[in-house]
Amino acid sequence: MDIQLGLAGIEPLAPYVAGSETSYEAALAISSKLGELQRKVLEHVTAAEDGCTCEEMEHLIVGSKHQTISARLKELFDAKLVEYHYCEVTGRAKTRFNKSHRRARVYYATPHEHS
């Protein structure tokens, strides 16, 4: 079976570990439980190799507000579908400057391995 393409060619919205059938199946299961905006946010975070800040997400999802995106990211973070990566030197969550020159946390899709 080709896990990269998924069962019957279905690609789950949630991230999963390539080559792991159990991870793929868990991603399929959670995908059906995500709300529409959660799905959009997760799709964009998953597609962003360098992660995504809340502000960047606002620009990707037309008509979205900061509060809405922030809430969806928090829900996805709590569900362990997105995560922070930490700086090896400081031990703090990685950040980028936003347009107001303030640091913003960067979210990354969480690779899942379920047994």
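The values are calculated or read from the model by the stated rules, or taken from the named source; none is laboratory data. As the structure is a computational prediction, the values presented were derived from the model and not from experiment. When we count neighbours, we look across all protein chains shown, and the Cβ atoms used for this are built from the backbone with ideal geometry, even at glycine.
Quick check on the range 85-98. Is at least one of its residues assigned to a loop (DSSP other than H, G, I, E, B), surrounded by 15 or more Cβ atoms within 10 Å (Cβ to Cβ), within 17 Å of the chain's Cα centre (by Cα) and at pLDDT 90 or above? Talk me through it step by step, then tell me what you get.
Step one: of the range 85-98, the residues assigned to a loop (DSSP other than H, G, I, E, B) are 85, 87-92, 94, 98.
Among the residues that remain, those that are also surrounded by 15 or more Cβ atoms within 10 Å (Cβ to Cβ) are: 94.
After this cut, where a residue has to be within 17 Å of the chain's Cα centre (by Cα) as well, the list is 94.
Restricting the remaining residues to those that are at pLDDT 90 or above gives 94.
Yes, the range 85-98 has at least one match.
Could you say whether any residue in the range 60-82 is on the phi > 0 side of the Ramachandran plot, in contact with a Phe, Trp or Tyr (Cβ under 6 Å, 6 or more places away or on another chain) and surrounded by 11 or more Cβ atoms within 10 Å (Cβ to Cβ)? Talk me through it step by step, then tell me what you get.
If we filter the range 60-82 for residues that are on the phi > 0 side of the Ramachandran plot, which is where we start, we get 63, 80.
Then drop every residue that is not in contact with a Phe, Trp or Tyr (Cβ under 6 Å, 6 or more places away or on another chain), which leaves none.
Checked the range 60-82: no residue is on the phi > 0 side of the Ramachandran plot, in contact with a Phe, Trp or Tyr (Cβ under 6 Å, 6 or more places away or on another chain) and surrounded by 11 or more Cβ atoms within 10 Å (Cβ to Cβ).
Condition check: among the hydrophobic types (A, V, I, L, M, F, W, C), surrounded by 13 or more Cβ atoms within 10 Å (Cβ to Cβ) and at pLDDT 90 or above. Does Cys54 satisfy that? Show your work before the answer.
Numbers: among the hydrophobic types (A, V, I, L, M, F, W, C): yes; surrounded by 13 or more Cβ atoms within 10 Å (Cβ to Cβ): yes; at pLDDT 90 or above: yes.
Yes.
I'm told Ile30 meets every condition in (1) at pLDDT below 85; (2) within 10 Å of the chain's Cα centre (by Cα) except one. Can you identify the failing condition by its number?
Ile30 satisfies every listed condition except (2).
Could you grab me the full set of residues in the range 99-112 that are part of a strand (DSSP E or B) and either farther than 20 Å from Ala71 by Cβ or charged (D, E, K, R) (or both)?
Step one: list which residues in the range 99-112 are part of a strand (DSSP E or B), which gives 103-105, 107-109.
Matches in the range 99-112: Arg103, Arg105.
Given the criterion of a type outside the set (Gly, Ala, Ser), at pLDDT 85 or above and part of a helix (DSSP H, G or I), identify the matching residue among Glu25, Glu43. Don't jump to the end; show me each part of the working.
Working: Glu25 fails: at pLDDT 85 or above.
Of the residues listed, the single one that is of a type outside the set (Gly, Ala, Ser), at pLDDT 85 or above and part of a helix (DSSP H, G or I) is Glu43.
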